[in-house]
Amino acid sequence: MQLYPLKLVTVVGETVIMEDIAKEGLSLGATGYTMSEVIGQGSRSARNVIITGEARTLKVEFVVPMEVAYKILAHVSTTYFEYYACIAWLSDVQVVRGQAYIAG
Amino acid sequence: MLTPPFATVLDSMPTLVAVFNAEQLTRMVNSLEQNLLTPIPLCFLLGIICTRIHSGIKIPKEFYLSIAIFLLMSIGFIGGHELAHEYQAHGVSTIWKPALVTLFLGCLTPITSFLVLRYIGGLSIADSAGIAAHYGSTSAVTYAVANSFVEQTQHPANSFLPTLVTILECPGIAIALVLGAALSARERAVAAAKAGRPVKESKLGEALYEVMTGQSIMLMAGLLVIGFVSTIFMPEKGMEPFLEFFKSKGMLFRGALCIFLLEMGLVAGEKLSDLLKVGPFLVAFGILMPLIHGFLGVYLGHMAGLNLGGCTVFGAIVSSASYIAAPPAVRLTLPEANPTLSITAALAITFPFNIAFGIPIYFEMAKWVGAT
């Protein structure tokens, strides 16, 4: 079985921006994403008011090649870090069927 | 030049203070007792206590979201049903004035809030507009609690009040966001130029769409239409099971409201720790602004022909702040506004104040302006 070395970009942030980040990730070259609801606390705690079901914390993950990963991280940090509760990180992953994650 | 109703309000202010005698104070205390020592506010208080002593009570999220859906559907359906009766009896003659007053107050309250926050409180444009959006809109739960209060005191509100809640929900948020986006456009351009990045496009349109299609509007307005249409076209007998299920005096609605208020208390209890962060100005704003808006609501409601219960409930909805529709819209449009300020003011100051003290105060104000 062949494993492909790729990057996993993980972005965790408040609900209002996560759908946009997912879409923007696709337009920057990702071939897909996974989104899930998570629980946590950060320096901006206001989003933890959960009366509405809207103010949740979401996590979006992209498996992408290195150059796309950098584009997504640069975009997220310049667009969202200033005002929104949001964190992003990069990890190395070994992926089965790795060719599916390389656009074009 | 002041319009006649405002001139009358301002003229009567000194009288308001002068006529506040011992008898009225006793009546006010009685009203407070009648309100405070009932299950709904007590459940809210229990929620706050449970959070403060870390009791570990947790209402499952899906459960209270379902309760919120039920409450909104009930308010809408019963409102539509009563509106149909009102329409069949009087046409639109009794409704158009209160509807117009609601629209007027929906446009006025975000502006007064913004001006007070910006020029008396000295808050930034974005923070002022963000908080004004919360105070310009309304809280459906405050409506439900106020309605229960007037029903308990045997002074039921006019049947079309739910229609007014729906009308009040949107314009306040829209006006405050447009105001904030327009006034902060220059600040943003300067900040973006300093940071060397392009100016971000405004998400105002998207935010307003989200408010219009959000849960509270869609369920309340949708069920209002369903209640209205089915009352007109369906035989009374056929309507009975639906009315039994949704009615606001019923076992289901009152019980659901208690559970929802317990959850609100749990959340408000958490936000109480943020009171120190927001400072004394916002605490005073969260109490005084609703009283001013509430009085305007009661007075103009009375002028528009609302009854005693109607004026009370109307005062409560005009004074209340939104914490469901407004927060996501403000986050989208004015991301630089600090959400801790607006959510703490709406949820930890104004909501508890209205539930405990505001509603009986509006009730006494309504009696004072002569509503019957």
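Bear in mind that the values in this text are calculations on the coordinates, not laboratory data. The structure displayed is predicted, hence computed values, not measured ones. Backbone-built Cβ (ideal geometry, glycine too); neighbour counts: all protein chains shown.
Tell me, please, whether a residue that is away from chain A (no Cβ under 13 Å), of a type in the set (Ser, Thr, Tyr) and over 30 Å from residue B:42 (Cβ atoms) can be found in region B:241-254. Looking through region B:241-254, none of the residues is away from chain A (no Cβ under 13 Å), of a type in the set (Ser, Thr, Tyr) and over 30 Å from residue B:42 (Cβ atoms). In region B:331-351, the qualifying residues are those that are within 13 Å of the chain's Cα centre (by Cα) and under 22 Å from residue B:210 (Cα atoms), and the one that is nearest to the other protein chains (Cβ to nearest Cβ) is B:347.
Each row is one residue, and each column tells you yes or no for (1) assigned to a helix (DSSP H, G or I); (2) not small (Gly, Ala, Ser).
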residue	(1), (2)
B:276	yes, yes
B:281	yes, yes
B:285	yes, yes
B:291	yes, yes
B:297	yes, no
B:300	yes, yes
B:306	no, yes
B:321	no, no
B:331	yes, yes
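Taken over region B:111-139, the criterion of being over 18 Å from the mean Cα position of the chain (by Cα) and either under 30 Å from residue B:75 (Cβ atoms) or among the β-branched types (Val, Ile, Thr) (or both) is satisfied by B:116, B:117, B:120, B:125.
Among the residues of region B:43-67, those identified as touching a helix residue (DSSP H, G or I) at 6+ places or on another chain (Cβ under 7 Å), away from chain A (no Cβ under 12 Å) and among the β-branched types (Val, Ile, Thr) are B:48, B:51, B:57. Residue B:46 meets all of the listed conditions (1) over 30 Å from residue B:235 (Cα atoms); (2) buried (at least 21 other Cβ atoms within 10 Å of the Cβ) but one, namely (2).
For region A:1-27, taking the residues that are under 11 Å from residue A:60 (Cα atoms) and of a type in the set (Ser, Thr, Tyr), the one that is surrounded by the most Cβ atoms within 10 Å (Cβ to Cβ) is identified as A:15. Answer with yes or no whether residue B:142 is of a type in the set (Ser, Thr, Tyr) and not in a helix (DSSP H, G or I). Spelling it out, it is not the case that residue B:142 is of a type in the set (Ser, Thr, Tyr) and not in a helix (DSSP H, G or I).
Residues that are surrounded by fewer than 18 Cβ atoms within 10 Å (Cβ to Cβ) and without any contact (Cβ under 8 Å) to a residue 60 or more places away in the chain within region B:78-119 comprise B:89, B:90, B:91, B:92, B:93, B:96, B:115, B:119, listed in sequence order.
Just wondering, is there one or more residues in region B:76-92 that are hydrophobic (A, V, I, L, M, F, W, C), in contact with a helix residue (DSSP H, G or I) (Cβ under 7 Å, 6 or more places away or on another chain) and over 30 Å from residue B:47 (Cβ atoms)?
Checking region B:76-92: at least one residue is hydrophobic (A, V, I, L, M, F, W, C), in contact with a helix residue (DSSP H, G or I) (Cβ under 7 Å, 6 or more places away or on another chain) and over 30 Å from residue B:47 (Cβ atoms).
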